[in-house]
Amino acid sequence: MISREELVPVLKKYQDEGVIVPSIDMIRTPQQLEGIRKACALNNLVLDEVAKIMAEGITTQQIDDVVKNVTESHGGICAPYHFEGFPKHVCTSINSEVCHGIPSRRIKLKKGDIVNVDVSTIVDGYYGDASRMFVIGETTHSRRRLIEITRECLNAGIAAAKPYARIGDIGAAIEAVAKANGVTIVEELGGHGCGIEFHEDPFVAHYGVAGTGMLLVPGMTFTIEPMINAGKRHVYVDAMNGWTVYTRDGSDSAQIEHMILITEDGNEILSA
Ligand code: MF3
Ligand code: CO
């Protein structure tokens, strides 16, 4: 892969043409990439273990326990724990919860629920971040469809994340899929640079205009994590816990997150 040093004159050329280019620290060194890969691999393993227990009647606290135990038994740390005061080790967001749902002994999964489990892992100081949707038993056609559209949105965003494309290409690709399917995109939250810190620049909007925004170059690692609502796009934050984001109209919301690496010929999904 092209090195930071080799990229400098390339970036200079784009910058001279007025393009917003990534700062040099957004381009990972081979050593950083090795660490980030390990964090993403553990993150994926944790989600595989979560998948084994997802069933009607379990509490979201049980999900938290699995995430904590599996992460720590492999030498990792749960990034959400005490991150800006977040009280648990994972986010579990059900139905009309958009994201940042807080696990609790009092929340039991019911038949038909759709649940996002968002795992973020630190290994040797490097970060991985990814989330999946789970369906509890049989659910409605509209909920299954919402998850399928969300997956298509994510896939379209990933397909647009190519070297020397722009960050707006990702949002535009997601927006096109959402619009074609009559669902809406949450605008207040987005993907983010990830690897050296939990949340780094750039911000990756899940809507936007193709050909605008920061240049994508090999060596960048960031998340794409569209939050897709069945109803209107508007959201609010839980006034009691200060974290959980809900759809304002009470409609269902789904989210799937991957962390990717921009490569010389496209991208690689690090969290797969
Ligand atoms: N994992 C979420 C993301 O994708 C962030 C959760 S922050 C937390 O960015 F503190 F709520 F866990
Ligand atoms: Co994220």
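The values are calculated or read from the model by the stated rules, or taken from the named source; none is laboratory data. All values reported here derive from a predicted model rather than from experimental measurement. Note that we place each Cβ from the backbone using ideal geometry, even for glycine, and neighbour counts take in every protein chain shown. Note: areas computed on protein heavy atoms with side chains; ligands, DNA, RNA excluded. Shrake-Rupley method; radii C 1.70, N 1.55, O 1.52, S 1.80 Å.
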Residue count, the stretch 236-261 (criterion: in contact with a Phe, Trp or Tyr (Cβ under 8 Å, 6 or more places away or on another chain) and away from ligand 2 (no atom under 16 Å from the Cβ)): 5
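Quick one: in the stretch 182-235, which of the residues that are polar (S, T, N, Q) and surrounded by 16 or more Cβ atoms within 10 Å (Cβ to Cβ) is nearest to ligand 1 (Cβ to nearest atom)?
Filtering the stretch 182-235 for residues polar (S, T, N, Q) gives 184, 212, 221, 223, 229.
Still in the running and surrounded by 16 or more Cβ atoms within 10 Å (Cβ to Cβ): 184, 221, 223, 229.
Numbers: THR184: 19, THR221: 13, THR223: 6, ASN229: 17 Å.
The selected residue is THR223.
Specify the residue that is farthest from ligand 1 (Cβ to nearest atom); the eligible residues are those in the stretch 131-142 that are open to solvent by 40 Å² or more (accessible area, probe 1.4 Å) and under 25 Å from ALA173 (Cα atoms).
Within the stretch 131-142, the subset open to solvent by 40 Å² or more (accessible area, probe 1.4 Å) is 132, 135, 137-138, 140-142.
Narrowing further to those that are under 25 Å from ALA173 (Cα atoms): 132, 141-142.
Numbers: ARG132: 12, HIS141: 28, SER142: 25 Å.
Here the residue is HIS141.
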Residue within the stretch 115-130 that is touching a residue at least 12 places away in the same chain (Cβ under 8 Å), surrounded by fewer than 22 Cβ atoms within 10 Å (Cβ to Cβ) and either farther than 24 Å from HIS199 by Cα or among the aromatic types (Phe, Trp, Tyr) (or both) present: no
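With the stretch 50-140 as the region, which strands (runs of 3 or more DSSP E) entirely inside it contain at least 1 residues that are aromatic (Phe, Trp, Tyr)? Talk me through it step by step, then tell me what you get.
Working: elements: 91-94, 97-99, 114-123, 126-135.
The strands (runs of 3 or more DSSP E) meeting that bar are 126-135.
Can LYS108 be described as within 26 Å of THR140 (Cβ to Cβ) and either open to solvent by 20 Å² or more (accessible area, probe 1.4 Å) or of a type in the set (D, E, K, R) (or both)? Steps first, please.
Details: within 26 Å of THR140 (Cβ to Cβ): yes; either open to solvent by 20 Å² or more (accessible area, probe 1.4 Å) or of a type in the set (D, E, K, R) (or both): yes.
Yes; evaluated as a whole, the condition is true for this residue.
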The lone exception for ALA176 - which of (1) within 26 Å of TYR236 (Cβ to Cβ); (2) surrounded by fewer than 16 Cβ atoms within 10 Å (Cβ to Cβ) it fails: (1)
Total residues in the stretch 109-121, condition away from ligand 1 (no atom under 16 Å from the Cβ) and within 12 Å of ILE94 (Cβ to Cβ): 5
Filter pass, GLU56 being open to solvent by 60 Å² or more (accessible area, probe 1.4 Å) and either of a type in the set (Gly, Ala, Ser) or under 25 Å from THR150 (Cβ atoms) (or both): yes
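Conditions (1) farther than 22 Å from GLY57 by Cβ; (2) within 16 Å of ligand 1 (Cβ to nearest atom); (3) not charged (D, E, K, R), marked per residue:
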| position | (1), (2), (3) |
| --- | --- |
| ILE102 | no, yes, yes |
| VAL123 | yes, yes, yes |
| ARG144 | no, no, no |
| ILE149 | yes, no, yes |
| GLY157 | yes, yes, yes |
| ALA160 | yes, no, yes |
| ALA172 | yes, no, yes |
| ALA178 | yes, no, yes |
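Please enumerate the residues belonging to the stretch 81-98 that are open to solvent by less than 10 Å² (accessible area, probe 1.4 Å) and within 14 Å of ligand 2 (Cβ to nearest atom). Walk me through it before giving the result.
Going through the stretch 81-98, the residues open to solvent by less than 10 Å² (accessible area, probe 1.4 Å) turn out to be 86, 90, 92-93, 98.
PHE86, VAL90, SER93, VAL98, listed by residue number.
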Residues satisfying the stated conditions in the stretch 67-79, i.e. buried (at least 23 other Cβ atoms within 10 Å of the Cβ) and either near ligand 1 (Cβ under 9 Å from one of its atoms) or hydroxyl-bearing (Ser, Thr, Tyr) (or both): THR71, ALA79
